[in-house]
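Nothing in this text is a laboratory measurement; each read-out follows from the coordinates by a stated rule. A quick note: this is a predicted structure, and the numbers were derived from the prediction, not measured. Here the Cβ positions follow ideal geometry from the backbone for every residue, glycine too, while neighbour counts run over all protein chains shown.
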Amino acid sequence: MGCSKVRLTKRARLAMDLVAEILENGLQEQGKFKTITVEKHLELDYDLGSLLCVDNNELDSGLFNKNKDEYLRNLTRDNVQLLINQIWDLPTEKVDEVIVAKLPRPAYVLPRAKHVPKPKPLTKWQEYAKLKGIQKKKKSKLSWDEQLKKWIPLYGYKRAEALRNKEWLIEVPQNANPMEDQFAKRTDAKTERVAKNELQRLRNIAKTKNIKVPRMGVLNPDVSTAKDLQAAVTIAKSSTASIGKFQGSLPKEKEARGIATITPGASSRKRKAAPVSSEVEKAENLQAIDFVLNKKPKIDVERAVNKQINQQQLRKPEESMSSKPKAGGKGKKKGNSSSSSKKPKSGKGQRKGKNSGRKRR
Amino acid sequence: MSVIQRVVKPTTRKGKKVLLSREPQVIEGPKRMLFLQGRRASEKVRKVLSDLYDIKKPDARKLSKKNDITIFENIVPMEQLCRKNETPLFLFGSHNKKRPDNVVFGRMFDYSLLDMIELGIETYNGFNEFSNRKISLGTKPCLIFSGPEWESSEELKHLKSIFIDMFHREHVENVRLQGLEHAISFTAANGKVLLRSYKILLKKSGCRTPRIELDEIGPRIDFTIRRSKLPSEDLMKQACRKPKELKKTVKKNISVDGLGTKHGRIHIGKQNIDKLQTRKMKGLKKTTEERALDKTRKRKSMDSEDHEIRKKIKAN
């Protein structure tokens, strides 16, 4: 009742005498209607975004036990009334002749159905392009062909036909085998390129999904990397009956790394068999520990000498300063008396006193 | 080495669209729900399934065949079914001697189980038993949770979350005021969960806000709580993560005054007035004497600097 009265008095204040009369009628009418206010012990929690209302008040066990369904209906009515009161207070709009209330964002946190989308990982090329700052150039889909006097597409429908019409004749290169089919050569190269691209696509997918891909063998030498070729050589050499034991090697030839699993025995790096007994294992481990602990530090003679000289030089001026007051004669004689008797050479001694010259910063 | 995971590459444009729509989205649509029965289902269970299916309808899928699934022993077939039907929510009905009239409410995260709660149906009155006007399909219901017990146990907390997830349908910006015609009430009392569904009648009240009356339309179900499987805190946290794109970032230095005018505060560095370019005129040009004076001044300042440096060196 209170709410409605407040509303009415507000209106009355705003409106003039004419309206007041109508309002009086309204007040009289209001007696006929039931109230829209509800008394609650505890305030309810609303989440208008999801039309949710949570009532934490204790249930009336007496009424509940007497007539459960009737009680629940009344309870729910009250709660719905409170929720509706809140919703009706929201800002409204008119959309297509219908009054709609603008709902706030829901506050009740619900779990998602799927995880939050991750940004798509870059392909190897995209990574490289980003590093180098290479930007994609836009190419027009159609380009004018002078020879055919036609617009031909960059790819797709009618592209192949246009190319076929354009290059119906290929000149045999000077040093090429005249019997070789140049058209076949061209289609071979094309299929090779397509296959390479597919391989790269799959490799990118494998990289993003962190899958180990089995070795595919060796690619066409025209398109494979130096590393692949090296691996191919190593595998080929170890593929003899005597696992490559009698194969010669070129000067400066290196073995490919990371292929030990598929070329067992071929590698010069040999795997040791597991220790047979625990005693042997213990002995091996002790040996390893001894090896580490008995390591002597390497001595860099030149460096050590330089260090020693430097320290001496630093010590000298201090000694000379401290020995000055004792210079009366009683002080101990220096050990290098023999050297002091020699005539000093220029440019060898430690400079005394302040550093002269401009300090460089 | 095991078989590599196959990479699904769509062959058609439509197929590509379908695959894209199945990928995780920033803003998710309404969660779909799968209704299915186990090895055996009683009449009651079947009716409950079909009634709840009717309420959830546009975003729901009902399987008519029986499924040999014991959900608490092995969840994997359920996960597969949910993945196949693209339904992160499920309601599984079964009936056996040990647990008669059994339904399991559950939900998935990334099509692996997040949480599920088993409820027993005590009493049930279906849609058909209430001969009232029904509500229109797909309306967003008002959800009323009453009773202090909802906050008392973890199970009930999760059950509440599942019910909201199931019935709130989806987030909407606007709601038609006259279109609010369905209220579902969930009451937790004496260890039971009571589900009631009402049609909202808007009556005149003499003021703008209407007086509410309710008309029960069914179903009316009393549940008891049985077994449950709740998620670890970590998993729940991960599932409730909000995408970065949806998080509000506060824009600094922008304010709106009482008249609704926007004000921005900008920071600029200190201005050097000495080097300010004033109007260029012949009269303001420096004479040769002035220029010479400047030069000497500059040299003096440099000399004094040098002197200071020398002093410092001496001190060292």
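Can you tell me which of B:Ser136, B:Ser304, B:Ser50 moves the most in a GNM of chain B? Springs connect C-alpha atoms under 10 Å apart. The residue with the greatest mean-square fluctuation here is B:Ser304.
A straight Cα-to-Cα reach below 20 Å connects A:Lys298 with the lysines A:Lys307, residues fewer than 8 places away in its own chain not being considered.
Using the Cβ-Cβ distance between B:Lys270 and B:Thr249 with R0 set to 41 Å, the FRET efficiency works out to roughly 0.90.
Here the relative contact order of the stretch A:39-109, from alpha carbon pairs under 8 Å that lie six or more residues apart, stands at 35 percent. As a rough guide to protection, the peptides B:228-241, B:282-295 ranked by mean Cβ packing within 10 Å, highest first, stand as B:228-241, B:282-295. Report the residue, chosen from B:Met78, B:Met281, B:Met108, that carries the largest GNM mean-square fluctuation when chain B is represented by alpha-carbon nodes joined by springs under 10 Å. Of B:Met78, B:Met281, B:Met108, the most mobile in the Gaussian network model is B:Met281. Which lysines does B:Lys311 reach when only Cα atoms under 17 Å apart count, and residues fewer than 8 places away in its own chain are ignored? Partners found: A:Lys354, A:Lys359, B:Lys300.
Here r is the Cβ-Cβ distance between B:Lys203 and B:Lys237 and R0 is 41 Å; the resulting FRET efficiency, rounded to 0.05, is 0.35.
Per-residue Karplus couplings for the stretch A:64-78, computed as 6.51 cos²θ - 1.76 cosθ + 1.60 with θ equal to phi - 60°, are listed in order as 4, 6, 5, 9, 4, 5, 4, 4, 4, 5, 5, 4, 5, 4, 4 Hz, Gly and Pro entered as x. Residue pairs exceeding 28 angstrom between C-alpha atoms, taken from B:Lys31/B:Lys157; A:Lys207/B:Lys62; A:Lys34/B:Lys44; A:Lys136/A:Lys158: A:Lys207/B:Lys62; A:Lys34/B:Lys44. Overall form of the stretch B:39-197: rounded. Here a/c, set by the Cα gyration tensor axes a ≥ b ≥ c, is under 1.5. Summary of packing: across the peptides B:65-77, A:174-186, the per-residue average of other C-beta atoms within 10 Å ranks them, highest first, as B:65-77, A:174-186. Oblate is the label for the stretch B:116-176, because a/c, from the alpha-carbon gyration tensor with a ≥ b ≥ c as root eigenvalues, is 1.5 or above and a/b does not exceed b/c. Computed from Cα positions, the angle between helix B:13-22 and the longest principal axis of chain B comes to roughly 90 degrees. Annotation for the stretch B:143-226: trypsin sites (Lys or Arg not before Pro) lying in DSSP loop with at most 15 further Cβ atoms inside 10 Å of their Cβ are B:Lys204, B:Arg208. Peptide B:164-177 shows a mean partner chain C-beta count of 6 within 10 Å per residue C-beta. If R0 equals 45 Å, the separation of the Cβ atoms of B:Asn128 and A:Ile211 corresponds to a calculated FRET efficiency of about 0.25. Of all the options B:Glu86, B:Glu154, B:Glu216, the one that moves most in a Gaussian network model of chain B with Cα springs shorter than 10 angstrom is B:Glu154. In this rough spin-label picture, where each label sits 7 Å from Cα along the Cβ direction, the A:Asp290-B:Glu170 distance is 7.6 nm.
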